[in-house]
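As structure tokens, the structure follows; a few thoughts come after it.
The values are calculated or read from the model by the stated rules, or taken from the named source; none is laboratory data. Remember, predicted model here, so these are calculated numbers, not experimental data. So basically every Cβ, Gly included, is an ideal-geometry build from the backbone, and we count neighbours across all protein chains shown. Calculation scope for accessible area: heavy atoms of the full protein, side chains included, ligands and nucleic acids excluded. Shrake-Rupley method; radii C 1.70, N 1.55, O 1.52, S 1.80 Å.
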Amino acid sequence: MEQSKSEEQTTELEILEFKAGGNHYGIKVSDISEILPYNMKLTPVPNSHPLLEGIVMPRDFLIPIIDLVKYLNLADVDNLKKDMLIVTGIYNMNIAVHVDSVAGIHRINRSELTKPGKKLSTSVKGVVSDIFTINGRNIELLDFTKIINDINPELANSITNS
């Protein structure tokens, strides 16, 4: 059943706020599998995509790690980093993004989201899906499906064609 416009605007979202390259970003909590400290030994992957930092194996499965600061074409400016890995479950796969720090979770109404304008923190087109403001900070909501597709388009194709 489709939601009416008024129901859609009152639906709450849980957004995890994090920092990368000195900017504030968000990801829907529903897209997150887990959050891990960035203190594990990374294994480099020869001949891999330049944005792939390596892989970790925190338990019995491998997790590739994407360098989000590099992907977003940002400077590595945060001196107070508490490096973390946000592991997504997009495409039913564990794929992590390396971020500078995690700030917390916000509950917002969909009506608080606005479409991005031209003035964004990144020059990567189409990666910011929405923006909202909390405590005077603009938080750019990132489209992690697009990020993964940009780095590995074959992954999306193999899943949609199976």
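A few remarks follow.
- Across the chain, the mean sequence separation of Cα contacts (distance under 8 Å, 6 or more residues apart), normalised by length, yields a relative contact order of 26 percent.
- Treating each Cα of segment 81-162 as an identical point scatterer and summing with the Debye formula, the log10 of I(q)/I(0) at q = 0.19, 0.27 Å⁻¹ comes to -1.05, -1.36.
- Ranking by accessible area, most exposed first, for 57, 93 with a 1.4 Å probe: 57, 93
- Taking all protein chains together and rolling a 1.4 Å probe, residue 112 ends up with roughly 80 Å² accessible.
- A 1.4 Å probe over all protein chains sorts 111, 30 by accessible area into 30, 111, starting with the largest.
- Accessible solvent surface per residue of the chain, calculated while the other protein chains remain in place, 1.4 angstrom probe, Å²: 58 Å²
- q = 0.25 Å⁻¹, segment 19-59: log10 I(q)/I(0) [Debye, one scatterer per Cα]: -1.08
- Per-residue surface analysis assigns residue 143 an accessible area of about 50 Å², computed on protein heavy atoms at 1.4 Å probe radius.
- The Kirkwood radius of segment 34-150, taken over pairs of alpha-carbon atoms, gives through the Stokes-Einstein law at 37 °C and 0.692 mPa s a diffusion coefficient of 210 µm² s⁻¹.
- Under the Karplus curve 6.51 cos²θ - 1.76 cosθ + 1.60, θ = phi - 60°, whole-Hz ³J(HN,Hα) for segment 111-119, x wherever Gly or Pro sits: 5, 7, 7, 10, 6, x, x, 7, 8
- FRET E, pair residue 59, residue 119, Förster distance 35 Å, beta-carbon r, rounded to 0.05: 0.25
- Pairs of Lys residues in segment 20-115, spaced 8 or more positions apart or belonging to different chains, with C-alpha separations under 24 angstrom: 10 in total.
- Accessible carbon and sulfur surface of the chain relative to its total accessible area, %, 1.4 Å: 50 percent
- Accessible surface of residue 121 - all protein chains present, 1.4 Å probe, nearest 10 Å²: 40 Å²
- 49, 98, reordered so the largest accessible area comes first (probe 1.4 Å): 49, 98
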